[in-house]
1. Inside segment 94-130, can you point out the residues that are among the hydrophobic types (A, V, I, L, M, F, W, C), over 14 Å from residue 80 (Cβ atoms) and either outside any helix (DSSP H, G or I) or without any contact (Cβ under 8 Å) to a residue 12 or more places away in the chain (or both)?
2. Within the group 180, 87, 78, which residue is exposed (fewer than 14 other Cβ atoms within 10 Å of the Cβ) and more than 30 Å from residue 220 (Cα to Cα)?
3. Can you name the residue in segment 157-173 that is part of a helix (DSSP H, G or I) and either of a type in the set (A, V, I, L, M) or free of Cβ contacts under 8 Å to residues at least 24 places away in the same chain (or both) and is also surrounded by the fewest Cβ atoms within 10 Å (Cβ to Cβ) among such residues?
4. Just give me the residues in segment 48-70 being touching a residue at least 24 places away in the same chain (Cβ under 8 Å) and surrounded by fewer than 17 Cβ atoms within 10 Å (Cβ to Cβ), in sequence order.
5. Six or more apart or on different chains, Cβ under 9 Å: which pairs go from a residue in segment 140-156 that's over 16 Å from residue 177 (Cα atoms) to one that's surrounded by fewer than 14 Cβ atoms within 10 Å (Cβ to Cβ) and aliphatic (A, V, I, L, M)? Could you list them?
6. Give the number of residues within segment 31-41 that are loosely packed, with under 14 Cβ neighbours inside 10 Å and either part of a helix (DSSP H, G or I) or of a type outside the set (Gly, Ala, Ser) (or both).
7. Limited to segment 139-156, what total is found for residues that are touching a helix residue (DSSP H, G or I) at 6+ places or on another chain (Cβ under 7 Å) and over 19 Å from residue 89 (Cα atoms)?
8. Do we have residue 16 as more than 15 Å from residue 3 (Cα to Cα), assigned to a helix (DSSP H, G or I) and under 33 Å from the mean Cα position of the chain (by Cα) here?
Amino acid sequence: MSPTEKPAFVAILIKSFRMSGKDITGDPETVADWLDEFSDYPITALDSAFRRHRRESVYPPKPADIYRYLDGQQAADGRPSADEAWGLLLRLIRDERETGALTHEMREGWHGCQPILDEGDEVGARRCFIAVYETHVRDARQRREPARWTPTLGTCPQLRAQRLAEAINAGRLSRDHVAGLLAGPTPNSIEQVAGLLEGPDAGTEEAKTASVLREIAAMLRRSMAADESERAAARERRKAAEDAERQRQIEIAEREAANRRGEQAA
C-alpha cells in the first residue's frame, strides 16, 4: 500500500477488531505490527480480505487469516491451472491454423519444454512445462503481478476471429486489442463465422462468442467508416489546397501580364 493508503488500512484494521469485540485504538504497537506485515499489499485486496474475515469469523483477525484470504484472491487471478494451460498450449502446437491467448508464464513453460517437444516426447514435454509453469506462476503471485495475456495468431482467419472472441469472453483480451488484430478478416467474414456458431444446436458459450464476433464486426465497420470519412476530408483539403494554388498562379500570371502591358505602353 502507498503511504497515503496507510490511514485507510488502519481504519479497516480498527473496524475489524471493534466488530469482533476488541478495541486496539490504544495499542499503537499492534497497529504498527499489522502495518509492517501487510505493507506490500494493495489496499483494495486488504479491504476485501478483511471484509471476508468479518463475514466468516466472530473472532478478531490474525495475520494467518488475512493471508489465507489474500492467497485465495491470488488463486482467482485468472491464470489457468497447469493442466488447463498445457491443454491451451497443445492446441496451438498441434495445429498451425489455431489462434490462442497465452500468459507470460505459459510462454515461459513453452520455451522450457520446446526442446523436448522437438524430440517428439510429448509426455516428457508436459512434465517439463508443468514444472516451469508452476514455478513462474508461484513467483508472479508472490510479487502480486496480474496475469498478462497475449495472443498467438494462427493461419486460419475464421479460427482467429473465433478464438479471439472467446478470449474476450474469458476476460483475457480487450475488444480494442482484438479489433486491431483482425485487420485481415472483413466485417462480413467475421459475421459469417458468428452465423456458423449460432446454429440450431448452439450452446450458451457459442452464442456468447457469436455475440462478441458481431460486436467486433460492428466495431470494424465503425472504424472503416471513420477512416473513410477522414480520407474524404483529406481529399477535400487537398483539393482546396490545389484550387488555391491554381488561383494563386493565375493571379501571378495576370499581374505579370499587366506589368508587361504597362512597360510596353511606357
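What follows is calculated from the coordinates using simple rules that are stated; it is not laboratory data. Computed from a prediction, not measured in an experiment: that's the story for all the values here. Using ideal geometry, Cβ is built from the backbone for each residue, glycine included, and neighbour counts are taken over all protein chains shown.
1. Pass one, segment 94-130, residues among the hydrophobic types (A, V, I, L, M, F, W, C): 101-102, 106, 110, 113, 116-117, 123, 125, 128-130.
After this cut, where a residue has to be over 14 Å from residue 80 (Cβ atoms) as well, the list is 113, 116-117, 123, 125, 128.
123, the sole residue that qualifies.
2. Of 180, 87, 78, the one residue that is exposed (fewer than 14 other Cβ atoms within 10 Å of the Cβ) and more than 30 Å from residue 220 (Cα to Cα) is 87.
3. The residue in question is 159.
4. Narrowing segment 48-70 to residues touching a residue at least 24 places away in the same chain (Cβ under 8 Å): 48-50, 53-54, 57-61, 63, 66, 70.
Of everything in segment 48-70, those that are touching a residue at least 24 places away in the same chain (Cβ under 8 Å) and surrounded by fewer than 17 Cβ atoms within 10 Å (Cβ to Cβ) turn out to be 48, 54, 57, 58, 59, 60, 63.
5. Within 9 Å, the pairs are 141/75.
6. Number of matching residues: 5.
7. 2
8. So residue 16 does not fit the description; no.
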